[in-house]
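S.K.: Take a look at the following structure, please.
The values are calculated or read from the model by the stated rules, or taken from the named source; none is laboratory data. Source: prediction; values computed, not measured. Neighbour counts run over all protein chains shown; Cβ positions are idealised from the backbone, glycine included.
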Amino acid sequence: MTDLGAVASALRQQAIELPSWAFGNSGTRFKVFARAGVPRTPQEKIADAAQVHRHTGIAPSVALHIPWDTVDDYAALAAHARDLGVRVGAINSNVFQDDDYMLGSVTHPDAKVRRKALDHLLACVDIMDATGSTDLKLWFSDGTNYPGQDDIRARQDRLAEALAAVRDRLGEGQRFLLEYKLFEPAFYTTDVPDWGTAYAHCVKLGDKAQVVVDTGHHAPGTNIEFIVAFLMREGKLGGFDFNSRFYADDDLMVGAADPFQLFRIMHEVVRGGGHLASSGIAFMLDQCHNIEPKIPAQIRSVLNVQEATAKALLVDTAALEAAQLTGDVLGANGVLMDAYNTDVRPFLADLRAEQGLDPDPMAAFARSGYQDRIDAERVGGRQAGWGA
Ligand code: AOS
Ligand code: ZN
Ligand code: ZN
């Protein structure tokens, strides 16, 4: 039997990090849709994120993206976040949005471009120092489009050199999270295309280097929970960029496309103790809301992760282990499916009520009047990717 008190206590400690860029206008390469009330400044993005925390109680940090969230005074931005009851989370670097990076950033064949990219990454560590952030998230769009375009091995050497320089700059309690992605924007080779490449670089660089799993960055059919189990076992899973996808890197709401996959991932997280704060795993969202209202979409996403986590915590581990050890294939599968098929929503509503939160965060936000207020107050909200 699962101890429901222990489940509740684990859920009370859960922390999900929101991306500042989820609150800005976004779209596809075909159209960015403008919406009323979207933030005009990093401060307003943080204010919106604070609303998600206010109603869910489990979204206490906001990831920033540089340069989209550039400000003059980062310590003041961190203080602004604290005033609103949240804190600054991972600093996301951006070495993909400049003409100089057409052929790559840290793996570019020209040393001058590599230097420029590295300088940006080091400047992001300065921002971590100023904000108290502990995580630098590195995603490189680097790669090639055509066979022969550049030397695959040389690009790995350049990548290793840049990562080592970043590692050397990181202070006590700081780390980098290296993100991999199968393809896009490069279509022939990508310099960090998969978890194995990210893992191999991180292993060489020691404890300050960890892998981040963006759930939308794999080939269709990839068993992501296996990757999660493996990386956790090696102590190399630094965090998640949660989102869901039907086709490629769709950045849709986590748990929307495949809630069962999210449950399977969270089952491996719980199995490895990753749900405990001491694990150091960052549970971040990396999403864009092109057609849906942004704050409710973030609330929905946080609740989806919470529901999957609750189901994973409900797995009767003793019964599962007994079935596994006796080769009871159907019994073991049944234990897992019983947990997945449990409707945890009433349990979570009670948990919120106990914490003084509204049992229904979506309805509470709708009733709060916040959306009407920002729709009226904010004129000229910016596109997510052009906040600076
Ligand atoms: C890009 O596909 C990645 O998911 C990155 O995490 C990226 O930095 C993020 O989407 C914000 O730009
Ligand atoms: Zn990502
Ligand atoms: Zn992505």
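S.K.: If you go through segment 1-29, how many residues are within 16 Å of ligand 3 (Cβ to nearest atom) and acidic (D, E)?
M.R.: Going through segment 1-29 one residue at a time, the tally reaches 1.
S.K.: Hey, any hits in segment 123-142 for a residue that's part of a loop (DSSP other than H, G, I, E, B), under 23 Å from the mean Cα position of the chain (by Cα), over 18 Å from L205 (Cβ atoms) and touching a residue at least 60 places away in the same chain (Cβ under 8 Å)?
M.R.: Yes: one or more hits.
S.K.: Oh, and also: Please verify whether T190 is within 16 Å of ligand 2 (Cβ to nearest atom) and out of contact with any helix residue (DSSP H, G or I) (no Cβ under 8 Å at 6 or more places or on another chain), treating the condition exactly as stated.
M.R.: Taking the combined requirement at face value, the residue satisfies it.
S.K.: Next up: Is one or more of the residues making up segment 149-159 more than 16 Å from ligand 2 (Cβ to nearest atom), touching a Phe, Trp or Tyr at 6+ places or on another chain (Cβ under 9 Å) and without any contact (Cβ under 8 Å) to a residue 60 or more places away in the chain?
M.R.: Looking through segment 149-159, at least one residue is more than 16 Å from ligand 2 (Cβ to nearest atom), touching a Phe, Trp or Tyr at 6+ places or on another chain (Cβ under 9 Å) and without any contact (Cβ under 8 Å) to a residue 60 or more places away in the chain.
S.K.: Counting only residues that are within 11 Å of ligand 3 (Cβ to nearest atom) and surrounded by fewer than 21 Cβ atoms within 10 Å (Cβ to Cβ), which one in segment 233-250 is nearest to L138 (Cα to Cα)?
M.R.: For segment 233-250, the residue satisfying everything is D249.
S.K.: With the structure loaded, tell me whether P42 is of a type outside the set (D, E) and either without any contact (Cβ under 8 Å) to a residue 40 or more places away in the chain or over 14 Å from V302 (Cα atoms) (or both) or whether it fails that test.
M.R.: Against the criterion (of a type outside the set (D, E) and either without any contact (Cβ under 8 Å) to a residue 40 or more places away in the chain or over 14 Å from V302 (Cα atoms) (or both)), P42 qualifies.
S.K.: All but one of (1) more than 30 Å from F260 (Cα to Cα); (2) buried (at least 17 other Cβ atoms within 10 Å of the Cβ); (3) away from ligand 3 (no atom under 16 Å from the Cβ) hold for D191; state the number of the condition that does not hold.
M.R.: (3)
S.K.: Pick from segment 353-382 the residues that are closer than 29 Å to L314 by Cβ and touching a Gly at 6+ places or on another chain (Cβ under 7 Å): which of them is surrounded by the fewest Cβ atoms within 10 Å (Cβ to Cβ)?
M.R.: Looking at the filtered set, the residue picked out is Q355.
S.K.: Any residue that is exposed (fewer than 14 other Cβ atoms within 10 Å of the Cβ), among the hydrophobic types (A, V, I, L, M, F, W, C) and within 16 Å of ligand 3 (Cβ to nearest atom) - is there at least one of those in segment 147-155?
M.R.: No, segment 147-155 contains no residue that is exposed (fewer than 14 other Cβ atoms within 10 Å of the Cβ), among the hydrophobic types (A, V, I, L, M, F, W, C) and within 16 Å of ligand 3 (Cβ to nearest atom).
S.K.: Condition first: crowded, with 16+ Cβ neighbours inside 10 Å and touching a helix residue (DSSP H, G or I) at 6+ places or on another chain (Cβ under 6 Å). Can you find one or more residues in segment 178-185 that meet it?
M.R.: Yes, some residue in segment 178-185 is crowded, with 16+ Cβ neighbours inside 10 Å and touching a helix residue (DSSP H, G or I) at 6+ places or on another chain (Cβ under 6 Å).
S.K.: Given the condition closer than 25 Å to L357 by Cα, modelled with pLDDT of 95 or more and touching a Ser or Thr at 6+ places or on another chain (Cβ under 6 Å), answer yes or no: does some residue in segment 38-48 qualify?
M.R.: Yes, segment 38-48 contains at least one residue that is closer than 25 Å to L357 by Cα, modelled with pLDDT of 95 or more and touching a Ser or Thr at 6+ places or on another chain (Cβ under 6 Å).
S.K.: How about segment 210-232: which of its residues are more than 16 Å from ligand 3 (Cβ to nearest atom) and either touching a strand residue (DSSP E or B) at 6+ places or on another chain (Cβ under 6 Å) or of a type outside the set (A, V, I, L, M) (or both)?
M.R.: Matches in segment 210-232: Q210, G221, N223, E225, F226, F230, L231.
S.K.: Go through segment 12-39 residue by residue and tally those that are farther than 16 Å from Y370 by Cα and surrounded by fewer than 20 Cβ atoms within 10 Å (Cβ to Cβ).
M.R.: 11
S.K.: Now a separate question. Within segment 194-209, count every residue that is within 16 Å of ligand 3 (Cβ to nearest atom) and either under 24 Å from G171 (Cβ atoms) or basic (K, R) (or both).
M.R.: 1
S.K.: A follow-up question, please. Just give me the residues in segment 237-257 being away from ligand 2 (no atom under 14 Å from the Cβ), closer than 17 Å to L182 by Cβ and touching a strand residue (DSSP E or B) at 6+ places or on another chain (Cβ under 6 Å), in sequence order.
M.R.: Hit for segment 237-257 is A257, nothing else.
S.K.: Can you tell me how many residues within segment 77-92 are among the basic types (K, R) and in a helix (DSSP H, G or I)?
M.R.: 1
S.K.: Please give the number of the condition V113 fails out of (1) farther than 15 Å from C124 by Cα; (2) buried (at least 22 other Cβ atoms within 10 Å of the Cβ); (3) free of Cβ contacts under 8 Å to residues at least 60 places away in the same chain.
M.R.: Only one criterion in (1) farther than 15 Å from C124 by Cα; (2) buried (at least 22 other Cβ atoms within 10 Å of the Cβ); (3) free of Cβ contacts under 8 Å to residues at least 60 places away in the same chain is unmet by V113, namely (2).
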